[in-house]
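Enquirer: One structure follows; several queries about it will come next.
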Amino acid sequence: VTGQLPTWLEGVLLRNGPGMHTIGDSKYNHWFDGLALLHSFTFKNGEVYYRSKYLRSDTYNCNIEANRIVVSEFGTMAYPDPCKNIFAKAFSYLSHTIPEFTDNCLINIMKAGDDFYATGETNFIRKINPQTLETLEKVDYNKYVAVNLATSHPHYDSAGNVLNMGTSIVDKGKTKYLLFKIPSSVPEHEKKKSCFKHLEVVCSVPSRSLLHPSYYHSFGITENYIIFIEQPFRLDILKMATAYVRGVSWASCLAFNKDDKTWFHFIDRRTKKEVSTKFYTDAMVFFHHVNAYEEDGHIIFDIIAYTDNSLYDMFYLKNLTKDFEENVKLTSIPTCRRFVVPLQCDKDAVVDSNLVTLPSTATAVKEKDGSIYCQPEILCEGIELPRINYDYNGKKYKYVFATQVQWSPIPTKIAKFNTQTKEMLQWGQNDCWPSEPVFVPSPDAKEEDEGVVLTCVVKSDPKDPPFLLVLDAKTFTELGRAIVNVEMHMDLHGVFIPQQDMKTETE
């Protein structure tokens, strides 16, 4: 460790992301397909301990045993052993029509009750031990709620319950998006049971199309509402069902329609009913909600959005060559967009009038059919992987901590953006690729940005060791860094677990 880490910083920064892309002679096509690698930084008495371990998923075990990729991922379709006889082959084709998804949970870490889970975007999550990084049991959401896909960006309410969304594909002739709640604890007399047994569906939103549900990576939440955005970046279910036979990946079944609309759904958390007014904006592709809150009868929500779906294509491994930074350019730069949506709008408002009454350049215009067309205020450009002080989740807030990207999708800096003054502070150094910044509040914090920001930094020159960077969140100056003499991979998302939230080994 160089520099000085705050004495109060005690706990574990746990990160998740793709780690292994080659197994035997076979290679994944896409960076987001790699086998999940967990890594952690444990802070104790001013020292930092590093540990990493592959998630021992069924997918990992099957692939390693076969010494080749045998389980399909989103961008890589795997095929059974070529030596099988014709009957076994035919059977294998048939069983892939409704695919059995992977449990290679490589995107994020979720807390449910006292336990932690590695998550992806399928119906499987894997319990892990946050101290040893051991892989524990596999949980199938589908046993408790009819979803085939679920986000890896859940929300947590003040009681510690998990709220998450999943897609139910053609279940009983309907395709819908389900919001479900996993309770933070189970009744005293059921202590042996898992909290998933008490999972409840809060509400459902029907998909606008039976066979083309929208892809989504996150959703928004305010004190009284859930925000779900149905974007014209859609999965084609029929194509997915035949992808295996056609020899293509599931990713090729995702299509963006730039001439379509993006629909906003607002669900009242108390009545569990959707707001009946129809709100929409132009076609866009987005992955991350930043935050949302309510003010004077309006819902305000901030997201990072693109005008096309070029981001996903950048991460095909054939594009990630040594000249990657020079050669691969995003055709759409990420923009932080603020939508201001008037919920209490006057029924007699004039057609074509802007119904936003808050000071903002965002507009919400009433149309002849009563629907409302929303245009955002652009807060800033070129940030991704946004994080906030989670104590301000669903509330009016100021600060976004994010990675900064230019025309290449690899982050070169991290940034702190003030949504009110539009000021931006940055940290960056030559040849440094930082990961998603995680804000940790100091124990007696009075202000929103009182605390530290943690980010793992990988060096573009493999000879230079990676390090964990600790910044003062207020000034964005470096407090210290922990240099790690191992090969470290770029990762996706993660969490900081304060010492008091870690169960001791005996528990």
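The values are calculated or read from the model by the stated rules, or taken from the named source; none is laboratory data. All of these numbers come straight from a predicted model, not from anything done at the bench. All Cβ positions, glycine included, derive from the backbone under ideal geometry; neighbour counts span all protein chains shown. Protein only, heavy atoms only, side chains kept; ligands, DNA and RNA dropped before computing areas. Shrake-Rupley method; radii C 1.70, N 1.55, O 1.52, S 1.80 Å.
Enquirer: Of the numbered conditions (1) more than 18 Å from Ser209 (Cβ to Cβ); (2) among the hydrophobic types (A, V, I, L, M, F, W, C); (3) more than 23 Å from the chain's Cα centre (by Cα), Phe266 fails exactly one; give the number of that condition.
Expert: Every condition holds for Phe266 apart from (3).
Enquirer: What's the number of the condition Ser152 fails, among (1) surrounded by 19 or more Cβ atoms within 10 Å (Cβ to Cβ); (2) in a strand (DSSP E or B); (3) under 19 Å from the mean Cα position of the chain (by Cα)?
Expert: Ser152 satisfies every listed condition except (2).
Enquirer: Ok, one more. Filter the stretch 267-288 down to the residues that are more than 18 Å from Tyr216 (Cβ to Cβ), in contact (Cβ under 8 Å) with a residue 12 or more places away in the chain and hydroxyl-bearing (Ser, Thr, Tyr) and list them by number.
Expert: Across the stretch 267-288, the qualifying residue is only Thr277.
Enquirer: Read through the list (1) more than 22 Å from Phe439 (Cβ to Cβ); (2) buried (at least 23 other Cβ atoms within 10 Å of the Cβ), then give the number of the only condition that Lys53 fails.
Expert: (2)
Enquirer: Only one of (1) assigned to a loop (DSSP other than H, G, I, E, B); (2) under 27 Å from Glu10 (Cβ atoms); (3) touching a strand residue (DSSP E or B) at 6+ places or on another chain (Cβ under 7 Å); (4) open to solvent by 60 Å² or more (accessible area, probe 1.4 Å) fails for Leu425. Which number is that?
Expert: (1)
Enquirer: What strands (runs of 3 or more DSSP E), lying completely within the stretch 339-411, carry at least 1 residues that are within 19 Å of Tyr293 (Cβ to Cβ) and open to solvent by 60 Å² or more (accessible area, probe 1.4 Å)?
Expert: 377-381, 383-387
Enquirer: Being open to solvent by 60 Å² or more (accessible area, probe 1.4 Å), modelled with pLDDT under 90 and outside any loop (DSSP other than H, G, I, E, B) narrows it down to one residue among Lys111, Lys89; which is it?
Expert: Lys89
Enquirer: Go through (1) in contact (Cβ under 8 Å) with a residue 40 or more places away in the chain; (2) part of a strand (DSSP E or B); (3) open to solvent by less than 40 Å² (accessible area, probe 1.4 Å); (4) out of contact with any Cys (no Cβ under 8 Å at 6 or more places or on another chain) and name the single condition Lys138 misses.
Expert: (3)
Enquirer: Check the stretch 437-444 and report whether any residue there is surrounded by 13 or more Cβ atoms within 10 Å (Cβ to Cβ), closer than 24 Å to Asp33 by Cα and of a type in the set (S, T, N, Q).
Expert: no
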